Amino acid sequence: MREIGRGPSSGGKAPILLEVDDDARLVVGLDLGEEHFAGSLVNLRGEIRRTVELAVDGRDGDAALGLVFELLDQLLDGTTAPLLGIGIGTPGLVDSRTGTIRRAVNLDWRDLPLGEIVAERYAVPVNVANDSQAAALAEYTYAGGDRVPNLIAIRVGRGVGAGLILRGALFQGDGSGAGEIGHTVVDDHGALCSCGRTGCLETVAGMRAIEARAAAAKGRETDLEAVRTAADAGEAWATEIVDDAGAALGKAIAALVGALDVQRIVLLGPVTALGDRWLSAVRREAGSRALALLVDDVDIQVGRQTTNVVVRGASSLLVARELGLSLVR
């Protein structure tokens, strides 16, 4: 707490006014992405005070774990404010109740008790969540007056995953894998996926798949921005890629709507940069494949949290738990 002045007197000594110092406690939020590990020091209002990003450069296993320590050491160097704890968002199948990463294919982590390891090393509470689930928590936590109790947040980057907020809490399912839609097969004759199957959703709708298809069409490396620009200009190769990627995601959304009847769906991640044509394809396919009575009321939008969404979500989970609030089922 800190003094901010004196209030009006009611006859006696004027009272001293106090307010919570937003920076009195800090939280670390980490986003263990596939290409970069990023972390931020975040205050109690979710405002970012310091950010560090380190390239993964193909590290996995113990080397990737060492990079987590390097990231945290750099973030905490010189920090004087007390640390409330560390929140971590990571790809893969994660049991947030125990902080264990059950399987993260690209990092070669299996049954890794990351929460326990980090907590022991830094002597603070640690919470770990799947990155898509952390993104959903960010959208839910910082929605303000527009918050709804049920929300699906779908993060579309190199992979595709959904975070489910049901009745105001993160729903992980019996095996902690609720929302793993990226490895649902949508094309029996499709490309080989990193999980070992062929034709998974991320092989059509994910960033790597989109950029690989664009590179094949143009004969050179082509990023998402170039695909969007070409699609907006009506170039056939680009419109086909954008429409196909959006339609594949729309099919997955239709299944989620049919199963859960959730009316607020937000889309996050790099692939949202494909713009309005992509979003229209998502909406059109979702609307054509789910029961009209359910899908007519569904609102599919690009999310508010365009940057640092995993970091903010992971840190909000940590703050909620330390304040005794339940955000996970």
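Which one of 97, 102 is more than 19 Å from residue 320 (Cα to Cα) and basic (Lys, Arg)?
Just one listed residue meets the conditions, 102.
So, residue 289, is that one out of contact with any strand residue (DSSP E or B) (no Cβ under 8 Å at 6 or more places or on another chain), at pLDDT below 95, of a type in the set (D, E, K, R) and within 19 Å of residue 183 (Cα to Cα) or not?
For residue 289, the condition - out of contact with any strand residue (DSSP E or B) (no Cβ under 8 Å at 6 or more places or on another chain), at pLDDT below 95, of a type in the set (D, E, K, R) and within 19 Å of residue 183 (Cα to Cα) - is not met.
Here are some conditions: (1) in a helix (DSSP H, G or I); (2) more than 12 Å from residue 88 (Cα to Cα). Residue 72 meets all but one. Which one does it not meet?
(2) is the only condition that residue 72 fails.
Collect the residues in the range 166-205 that are of a type in the set (A, V, I, L, M, F, W, C), part of a loop (DSSP other than H, G, I, E, B) and under 19 Å from residue 282 (Cβ atoms), keeping them in residue-number order.
Once the filter is applied, which keeps residues that are of a type in the set (A, V, I, L, M, F, W, C), part of a loop (DSSP other than H, G, I, E, B) and under 19 Å from residue 282 (Cβ atoms), the range 166-205 yields 186, 201.
Can you tell me which of (1) assigned to a helix (DSSP H, G or I); (2) modelled with pLDDT under 95 is the one residue 239 doesn't meet?
Only one criterion in (1) assigned to a helix (DSSP H, G or I); (2) modelled with pLDDT under 95 is unmet by residue 239, namely (2).
For residue 81, indicate whether it is hydrophobic (A, V, I, L, M, F, W, C) and surrounded by fewer than 13 Cβ atoms within 10 Å (Cβ to Cβ).
Criteria not met by residue 81.
So that you can scan it fast, the table gives a plain yes or no per residue for (1) more than 30 Å from residue 180 (Cβ to Cβ); (2) among the hydrophobic types (A, V, I, L, M, F, W, C); (3) touching a residue at least 60 places away in the same chain (Cβ under 8 Å):
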{"residue": "206", "(1), (2), (3)": "no, no, yes"}
{"residue": "209", "(1), (2), (3)": "no, yes, no"}
{"residue": "214", "(1), (2), (3)": "no, yes, no"}
{"residue": "232", "(1), (2), (3)": "yes, no, no"}
{"residue": "241", "(1), (2), (3)": "no, yes, no"}
{"residue": "246", "(1), (2), (3)": "no, no, no"}
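Among the residues of the range 292-329, write down those that are in a loop (DSSP other than H, G, I, E, B), at pLDDT below 85 and either of a type in the set (A, V, I, L, M) or within 13 Å of the chain's Cα centre (by Cα) (or both).
304, 305, 306, 307, 308, 323, 325, 327
Are there any strands (runs of 3 or more DSSP E) wholly within the range 95-146 with 2 or more residues that are within 19 Å of the chain's Cα centre (by Cα), touching a residue at least 40 places away in the same chain (Cβ under 8 Å) and surrounded by fewer than 17 Cβ atoms within 10 Å (Cβ to Cβ), and if so which?
Result: empty, no element qualifies.
Residue 76: over 30 Å from residue 204 (Cα atoms), in contact (Cβ under 8 Å) with a residue 12 or more places away in the chain and either surrounded by fewer than 17 Cβ atoms within 10 Å (Cβ to Cβ) or not assigned by TED's automatic domain parsing to the domain that holds residue 271 (or both), yes or no?
Criteria met by residue 76.
The values are calculated or read from the model by the stated rules, or taken from the named source; none is laboratory data. All values derive from a computational prediction rather than experimental measurement. Glycine gets a Cβ as well: all are built from the backbone with ideal geometry, and neighbour counts include every protein chain shown.
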